[in-house]
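Shown next, in structure tokens, is the structure this report addresses.
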Amino acid sequence: MSADIPGGSPTDSAVAAALSVRGVTKTYGALVANDEVDLDVRPGEILALLGENGAGKSTLVKVLSGLVRADAGEVVVGGETLPPGDPEAARAAGVGVVHQHFMLVPDMTATENVALAQGSRAGRRFDSAGTRARLLELSERHGMPVRPDIPVELLPVGERQRIEILKCLLGDARVLLLDEPSAVLSPVEWERLAVVLEELAAQGLAVVLITHKLGEIAAVADRCTVMRGGKVVSTVRVGDTAPEELARMMVGRDVVLRTERPVVAAGPVVLEAAGLTLAGYRGDRDLGPVDLTVRGGEVLGVAGVEGNGQSELADLLAGVRAPTAGTVLVTAPGGGPGRTGVIAEDRQADGLALPLSVTDNLMMRVIGDEAFSRHGVLRKGRIRRHCSERVERFGVRTSGLETPVESLSGGNQQKIVLARELYGEPDLLVAAQPTRGLDVGAIEFVHAQINAHKTAGGATVLFSAELDEIFALSDRIAVMSGGRVVAVLDADDATRDRVGELMTAVNGAGEEVVA
Amino acid sequence: MNRQALRGLLVSVLAVVLALAASLAVIALTGAPVGKAAAAMWDGVFGSPAQFGATLTKFVPLVLAAIGWVIASRAGRLNVGLEGQILAGGTTAAVVGLYLTGLPTVLHLTIAVLAGAVGGALLGGVAAWLWARRGVNDFIATLLLTLIMTQVVSWLANGPMEEPTGTLGQSASVADSARWPVLLPRTTLRADIILVIILVLVAAYVLRRTVVGYRLRLTGANESAARATGTRTTLVGVAALCASAAVAGVAGSSLVLAAPAANLAPGFSAGYGFDGIVVALLARNSPLGCIPAALLLAALRQGGGLLEARVGISSGLVTATQAVVILLVTGTAWYADRRRSRSRPPGAADVAAPVAEGARS
Ligand SMILES: Nc1ncnc2c1ncn2[C@@H]1O[C@H](COP(=O)(O)OP(=O)(O)OP(=O)(O)O)[C@@H](O)[C@H]1O
Ligand SMILES: [Mg+2]
């Protein structure tokens, strides 16, 4: 492969670059999201794009795909300069994108979704049968199984993602951009995707992979471009660079990749769940009965293959859904009902009001408190001070407190949820995928926050698809399979193999369950 | 934020100018003298104090209905039954004005207006109950109740509440003590416009600066997140529908208590409830924006009247030109929004049809 030229200077790459970016700048008001970005990707290589939350990665992807018009700079694909802000032209030139937030019509089938993307090019002719055949053929060729006739909203995320990729391939993509594809995948699904990406690269495609997971970069990427504050900091060869080094380049300081788990004397029981049952949580499958007890100063990690009832259990514990039977009792250390903080698994659907401002989103739980409103009238000054303190403390990158949350980067949206839910020291924290989509620096920060909550005597139930995270933070580990807790292990006795075994042993639902 | 508001205003103004030009073009196509038509339009609105007063008289129910729409839609509810709630409020106000006599003016008028608000809120409350307890779509519930209310008013005006001679198919005038005092002599404009302006300001204040307004906006923006963080969203929805309907009820009371005849007649609202929705759309759901938007629509309605009388353009065509204006204005606003939202990921901006599914990060 021609990946032996680490830098990205124009003369080197003009030879064979499938995609080159020259001096792309994009500003939002005073905020510079992309600052003179240069980038080259050659056919047959996988280039990783790494950067903090809000570094401008998704913005760059949107510029490349024509969804956003850059203020300056040009994008060259296969020797041709793309007209700015024209998604149609970008697609025609062979730029395929799998966005951070999928762009499929939920109630259409895979075939229809793909045909829709095609149709706009082929004079809006809707060739359903032809598309279906080509889709299946490609899916077979690349080993990406998809079901073409089921509405995509009923499919698991991994399959939806395969549809997105096939959609690009069907459009004869020469450059494939994937924005945090692994954020929603289970480890097994990621392995599968990695194989597919390597195969595609071997066939001559240029692949740009955005991810926050250093392990994935080490596994598949040839080179890695690091962005910080909208700028490209450097481009390195992955083989020559240690993960710690990558993390340092990206955050600008040393990052602790492994946190120490503090040992805290267990306090009184905070969470007591007894006989929790939810009928028909997936079709005809029942959840539970689940019994759990968590004490103050304790983190209970819940592991399981996606789709085995963890999301539903999280909803029940958070009080967002009512159980069919059973009780959830949260007690404050001093007695009396305790407060629960919730980090929702799907932050955009259940955790944030996207069109509203940063301020509005930070105030959801506490707006009625004496401190922030009197006689039903908001106390603007106090609210503003509270919100700036929160934004500062959690390092949220935003152009202002009145900015709508929908314009924040994914990771910064998650920080808003954390800043709100950890405020006022809740007795119980229900954290579902709390670090999904966060950069390593931010993950370090979140882990520190969870540990601080624990040290302060709070109880935590942590749901995570990352076994590393479960092991790093939990005192006990509950393993779920088929809608039940099949085992609760002490973290000191638990091994990854044992947990992995339990996850898949008893009637595991697997990830291919259709609702 | 402010730049955005300014941009929105600019778009609206541009749209109105475009639309007026287009409607003159339509008139020209029919062969009528354009200059004369334009002059008639102008005179219809500003030609005399009486004309201007009449424009402002139309402005009152329009802006109130629009505020009603804004309140409900900020909470994510679609109250398309404003027209019915106007009728309900007008009816209760008329009942109080007609039968509760012997009170001093200030008191009687106050009670009559309040009765209007209550009447509107009651009808809105029925829709809210259907929505909250019976799972009936709010759009359908409010619309169907409007159809019923139209019949009820017609029956009341021709039956139980008909004036003593029993020949006119409408009620007698309400007591003088229940009528709004004239604001501009020799015009139809009455003092209710002052109350209306106050109501608009109150609505804007409540939405922006109070806990209730906050919960309303939050519920409308994401009901599930609102519920998960302790807002009782069903209650908010019910409250929003009732408040929205109460404001429409006040509009109804004005249509009775500030009208020259000051009585209950079938169809006394003539579609203000629906026009109010258009006003709110023009104003992009901003309470303060409802004032200029309602003025525009009132001027169109009023100017159109003279167009018919003086230039002899058929009333159908007048209505058609008004429709062109409305379509162009809302269309331009929509187009500008779309252009703007293309720079954001689709789905993020699209509340009604969440395309962004699955990957969340
Ligand atoms: N439409 C917009 N309006 C205003 N600011 C925006 C908009 N889109 C992005 N931004 C800002 O630009 C910056 C870069 O955002 P971007 O989404 O590209 O980050 P990212 O590198 O993809 O981060 P993450 O890893 O969290 O997804 C952020 O600070 C974000 O708030
Ligand atoms: Mg991103």
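The values are calculated or read from the model by the stated rules, or taken from the named source; none is laboratory data. Treat the numbers as computed from the prediction; the structure is a model and nothing was measured. Cβ coordinates were reconstructed from backbone atoms using ideal geometry, including for glycine residues, and neighbour counts include every protein chain displayed. In case anyone asks, the SASA skips ligands and DNA or RNA and just uses the protein heavy atoms, side chains included. Shrake-Rupley method; radii C 1.70, N 1.55, O 1.52, S 1.80 Å.
Net charge dipole, chain A: roughly 1340 debye, given to the nearest 20, about the Cα centre with Cβ charges of +1 for Lys and Arg and -1 for Asp and Glu. Normalising the average separation of contacting C-alpha pairs (under 8 angstrom, six or more residues apart) by the number of residues puts the relative contact order of chain A at 17 percent.
If only the Cβ of Lys and Arg carry +1 and only the Cβ of Asp and Glu carry -1, the dipole of the protein assembly as shown around its Cα centre is close to 3340 debye.
Taking a ≥ b ≥ c as the square roots of the eigenvalues of the Cα gyration tensor of the stretch B:3-360, is the shape rounded (a/c under 1.5), prolate (a/b larger than b/c) or oblate? It comes out oblate by the Cα gyration axes.
Proximity of backbone amide H atoms, modeled 1.01 Å from N, is registered between A:ASP439 and A:ASN53 at under 5 Å, excluding neighbours fewer than 5 places apart on the same chain. The accessible-area loss of the stretch A:337-364 on complex formation, taken against its chain alone with a 1.4 Å probe, reaches 10 Å² or more at A:ASP346, A:ARG347, A:GLN348, A:ALA349, A:ASP350, A:LEU352, A:ALA353, A:LEU354, A:PRO355, A:LEU356, A:ASP360, A:MET364. The relative contact order of chain B, computed from alpha carbon pairs under 8 Å that lie at least 6 residues apart in sequence, is 32 percent.
Beta bridges from DSSP with both residues in the protein assembly as shown: antiparallel share about 55 percent, rounded to the nearest 5.
Derived scalar couplings between HN and Hα for the stretch A:315-321 equal 4, 5, 5, 6, x, 7, 10 Hz in order, rounded to whole Hz, by the Karplus curve 6.51 cos²θ - 1.76 cosθ + 1.60 (θ = phi - 60°), x for Gly and Pro. Remark: spin-label model distance A:ARG379-A:ALA448 equals 3.0 nm, labels positioned 7 Å along the Cα→Cβ axis. For the stretch A:245-351, the list of trypsin sites (Lys or Arg not before Pro) that fall in a loop by DSSP and count at most 10 other C-beta atoms within 10 angstrom reads A:ARG253, A:ARG258. Two tests apply to each whole DSSP H helix in chain B, Cα reach of 27 Å or more along its axis and mean Kyte-Doolittle hydropathy of at least 1.0, and the ones passing both are B:2-29, B:49-74, B:105-134, B:138-158, B:233-257. The chymotrypsin sites (Phe, Trp or Tyr not before Pro) found in the stretch B:205-280 include none that occupy coil by DSSP while having at most 10 further C-beta atoms within 10 Å.
The 3J(HN,Hα) values that the Karplus relation (6.51, -1.76, 1.60; θ = phi - 60°) gives for the stretch A:174-190 are, in residue order, 9, 10, 10, 10, 10, 9, 6, x, 8, 4, 10, 9, 6, x, 5, 5, 4 Hz. Gly and Pro appear as x. The relative contact order of the stretch A:353-423, computed from alpha carbon pairs under 8 Å that lie at least 6 residues apart in sequence, is 44 percent.
Note on the stretch B:193-232 and the stretch A:403-426: Cα centroid distance 22 Å, given to the nearest whole angstrom. Only helical runs count toward this figure. For chain B, summing -39,500 (n - 2.57) over DSSP H runs of n ≥ 4 and dividing by all residues gives -24000 deg cm²/dmol at 222 nm. If the chain linking A:ASP468 and A:ALA371 were pulled fully straight, counting 0.36 nm for each residue of separation and taking away their Cα-Cα distance, it would gain 31.0 nm. Remark: the Cα gyration tensor places the stretch A:138-219 in the oblate category, a/c being 1.5 or greater and a/b not exceeding b/c. Projecting the Cα atoms of A:VAL417, A:ALA353, A:GLY400 onto the dipole axis of the stretch A:353-423, where Lys and Arg carry +1 and Asp and Glu carry -1 at the beta carbon, places A:GLY400 farthest toward the positive end.
Computed from the C-beta positions of B:LEU29 and A:ALA279 and an R0 of 45 Å, the FRET efficiency is 0.10 to the nearest 0.05.
Among DSSP beta bridges whose residues both lie in the stretch A:359-515, state the antiparallel percentage, nearest 5. If I count the DSSP bridges inside the stretch A:359-515, around 60 percent turn out antiparallel.
Applied to the stretch A:130-144, the Karplus parametrisation 6.51 cos²θ - 1.76 cosθ + 1.60 on θ = phi - 60° returns per-residue 3J(HN,Hα) values of x, 4, 4, 4, 5, 4, 5, 4, 5, 4, 5, 4, 9, x, 10 Hz, with x for Gly and Pro. Per-residue shielding of A:91-104, expressed as the average number of other chain Cβ atoms within 10 Å of the residue Cβ, stands at 3.
Looking at chain A, the DSSP beta bridges with both ends there are about 55 percent antiparallel. The modelled label-to-label distance between A:GLU402 and A:GLU140, using points 7 Å beyond Cα along the C-beta direction, is 5.9 nm.
The residues neighbouring B:SER73, those whose beta-carbon lies less than 14 Å from its own, together hold a net charge of +2 under the Lys/Arg +1, Asp/Glu -1 convention.
Partner lysines whose Cα lies under 20 Å from the Cα of A:LYS454, excluding those fewer than 8 positions away in the same chain, are identified as A:LYS415.
Rounded to the nearest 10 degrees, the inclination of helix A:380-393 to the longest alpha-carbon principal axis of chain A is 70 degrees.
Summed over qualifying helices (DSSP H, 4 residues or more, each -39500 (n - 2.57)) and divided by its residue number, chain A shows a 222 nm mean residue ellipticity of -9000 deg cm²/dmol. Taking Cβ atoms as reference points and 14 Å as the exclusive limit, the residues near B:LEU183 contribute a net charge of +2, counting Lys and Arg as +1 and Asp and Glu as -1. The simple Förster model, with R0 at 56 Å and r as the Cβ-Cβ distance, assigns A:ALA89 and A:GLU389 a FRET efficiency of 0.75.
With a simple spin-label model that places each label point 7 Å from the Cα along the Cα-to-Cβ direction, the separation between A:THR504 and B:LEU168 comes to 8.7 nm.
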